[in-house]
1. Would you kindly give the portion of the calculated P(r) for segment 57-102 that falls above 13 Å, as a percent of all Cα pairs?
2. Using every Cα-Cα pair within segment 1-66, state what percent have a distance larger than 19 Å.
3. Only Cα pairs within less than 10 Å get springs; with that Gaussian network setup on the chain, which residue of GLY54, GLY42, GLY26 has the largest fluctuation?
4. Can you give me the long-range amide H partners of PHE67? Hydrogens built in the peptide plane at 1.01 Å from N, cutoff under 5 Å, separation of 5 or more residues or another chain.
5. When the accessible area of the chain is computed with all protein chains present and a 1.4 Å probe, what percentage of it is carbon and sulfur?
6. Just in segment 1-95: which trypsin sites (Lys or Arg not before Pro) are loop by DSSP and have at most 16 other Cβ atoms within 10 Å?
7. For a quick check, take a GNM of the chain with Cα springs below 10 Å and name the residue from ASP72, ASP58, ASP89 with the largest mean-square fluctuation.
Amino acid sequence: QVQLVESGGGLVQAGGSLRLSCAASGIIFRLNAMGWYRQAPGQQRELVARMSSGGITDYLDSVKGRFTISRDNAKNIVYLQMNSLKPEDTAVYYCNILATAYWGQGTQVTVSS
């Protein structure tokens, strides 16, 4: 079955960095577009970054220049490198196979001021 497992979240001070990882199984990873979403308390889930199977990327305006999505098709992993973190980046971050209902369990990112 399809499984997505995120890791790499944690507590970091403003200005710091974190790298999230999402390991996928049960799919032909290289053929799928992948995305990272986040959901803050009381807010709707929003798409932060996405990468097509061909490597085309797209970002939420508020993270452009700070976050980078990448993928390793040999390892079936998609990453989200987050730099210059801000308190408003605090949220649970989820990995998703785009255009499907497959989600990871989420990983908490907390940025202190």
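The values are calculated or read from the model by the stated rules, or taken from the named source; none is laboratory data. The structure displayed is predicted, hence computed values, not measured ones. Every residue, glycine as well, gets a Cβ built from its backbone with ideal geometry; the counts of neighbours run over all protein chains shown. Side chains included, ligands, DNA and RNA excluded: accessible areas come from the protein's heavy atoms. Shrake-Rupley method; radii C 1.70, N 1.55, O 1.52, S 1.80 Å.
1. 66
2. 44
3. Of the options given, GLY42 has the highest mean-square fluctuation.
4. The list, which skips near neighbours in sequence, is ASN83.
5. Carbon and sulfur atoms account for 48 percent of the accessible area of the chain.
6. Loop-located and lightly packed - ARG45, LYS64, ARG66, LYS75.
7. With Cα springs under 10 Å in the chain, the top fluctuation among ASP72, ASP58, ASP89 is at ASP72.
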